[in-house]
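To keep things clear, I will list the structure first and then write my remarks on it.
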Amino acid sequence: MALSVSFLRDGMHVPKKTILLIRKFTMPEDNDVERDLEGLSRTELKNKYPQEYQSWKNMKSRRRDGAVVHSSILDFGDFLRLIGQMPEPGMTLDRINPHDPEYSPDKCRWLTKAQQASNQRRTKVLTYKGQTKTITDWCREFDLKPDTVRRRFNKGGTPEWILFGTFGQQSQSPETWEHSTNAERWPWLGPKSADDWERDFRRRHEHLETRYEFFEDLFGKDLDDTRAGIANLEPLIAAYEAGKHQTLDVLEQRQGLDMTWDEIFNRFDELEDQLEVLMEVQAKFEKCRDTAGAIYHRPEPLRQK
């Protein structure tokens, strides 16, 4: 059957069942992906398609930044079936319309790094205070003149100069730095998380303890707990996939957790997603610590000795 699937990449939303039918008739009968989806376990599928799996994980982790993932591709197997295998190694998952927050089969495509770079050159983006947005979005947020900002962008310079024509607070010395927003106090976090951490810091911090030290201590515990949770479930999942889920020791472990197998798999996926997010936050945290130093982590004591 000579059906075309080109409309899947034209921004038109298509129900999951329709996409599955189309792919069924347009994929060759000896399609390796379909065969693997039928015959491989979750772990085997992840190991055979590591780059696609990483792209899927990255896509899901962006939900904390406001992205929306369509329900049809929340499962890795469905993602691989509907989005398709990466045509060549090193490609990245790209939203056709960068202003549309949703990831769905009809709104995404695989791009080479060169194609992605070309797209980024056409769409001017700027990172300011830890947030990356298009020039158009920044102008809309701060009520700026787009032509003026684009002209400064093309000339190059600091984000403060490109947006406002000034060097901003970056030019101040650490001794005169004053944080005015929670986003500046916690530059490695999103706005909502920064508010939550600042509220917790003010309630629990000790005299002269820096925000950096406070975050490092509590965040490290969250990271350790998440890794421990994954380590506890991995043997059970491995036993299930090996067909040994009815053995006495496995049954006792599952009874101790008081969880069904579906709940165990769902909890494992949640912990993996959580670990992915935590690792991204940790990377941003380390970068801020290395580049910002004392500026971002001055003690700012809230009470006297």
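A short reminder: the numbers here are calculations on the coordinates, not readings from a lab. Everything quoted here is computed from the prediction, not taken from an experiment. For neighbour counting, all protein chains shown are included, and Cβ atoms are generated from backbone atoms with ideal geometry for every residue, glycine included.
In nanometres, what is the gap between the two model label sites at W161 and S193, each 7 Å from Cα along Cα-to-Cβ?
Calculated label separation equals 3.1 nm.
In a Debye calculation with equal point scatterers on the alpha-carbon sites of region 191-297 and no solvent, what is log10 I(q)/I(0) at q = 0.15, 0.23 Å⁻¹?
Reported log10 I(q)/I(0), two decimals: -0.75, -1.24.
Calculate the FRET efficiency for R151 and Q115 from the Cβ-Cβ distance with a Förster distance of 30 Å, rounded to the nearest 0.05.
The formula returns an efficiency of 0.65 here.
For region 76-87, what does the Karplus curve 6.51 cos²θ - 1.76 cosθ + 1.60, with θ = phi - 60°, yield as ³J(HN,Hα) per residue in whole Hz, taken in order and with x for Gly and Pro?
So the Karplus estimates, Gly and Pro as x, are 4, x, 5, 4, 5, 6, 8, 7, x, 5, 4, x Hz.
Which entries of K113/K221; K133/K287; K60/K129; K46/K192 show an alpha-carbon separation above 30 angstrom in the structure shown?
K113/K221; K46/K192
Packing-wise, with mean Cβ within 10 Å as the measure, how do 87-93, 280-286, 255-261 rank, highest first?
280-286, 87-93, 255-261
Multiply the residue separation of R204 and E263 by 0.36 nm, subtract the distance between their alpha-carbon atoms, and state the gained length in nm to one decimal.
Gain on stretching R204 to E263: 17.8 nm.
Between T247 and F142, what FRET efficiency follows from the Cβ-Cβ distance if R0 is 51 Å, with the result rounded to 0.05?
Rounded to the nearest 0.05, the efficiency is 0.25.
Efficiency by 1/(1 + (r/R0)^6): what FRET value for A283 and E38, r their Cβ-Cβ distance, R0 = 45 Å, to the nearest 0.05?
0.80
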